[in-house]
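Data block below; observations after.
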Amino acid sequence: MSLRNRNIKKKAHAISKKVRHNWSVRKKLIMVYYFKRIKNVRATARRFDIKPKQVRDWRNKKQELLNAAPYLLTLNPGRPALYPLLERRLVEWVNVLRRKQAAVT
């Protein structure tokens, strides 16, 4: 096998990207309880194809996860509104237009 063919094979193996996942709170808790049962972060990470850091983070945030809705994908509520009064009035205006069956675009 020539040097050229070896390089081609190595490049083919080097191209592998991991797919990103958004885990719901319910699935995160399933993974935390699996960890609690077997007491091994790395084995849990291998079982669910995630990084050990994720298992440790979710284990530390277990109480927050238990208090959250099971369908949520994140515990962070996001950035607060810059103009909350304006947003409330905008929602009211849109609702008035919808009650009148006017188009809202």
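Computed from the coordinates by the stated procedures, all read-outs in this text should not be read as laboratory data. Everything quoted here is computed from the prediction, not taken from an experiment. Note: ideal-geometry Cβ built from the backbone for every residue, glycine included; neighbour counts use all protein chains shown.
When the Cα gyration tensor is reduced to axis lengths a ≥ b ≥ c, the ratio a/c is 1.5 or higher for segment 30-83, and with a/b above b/c it is classed as prolate.
Think of segment 18-99 as a dipole: +1 on every Lys or Arg Cβ, -1 on every Asp or Glu Cβ, centred on the Cα centre; then among Leu86, Val96, Pro70, Pro70 lies furthest on the positive end.
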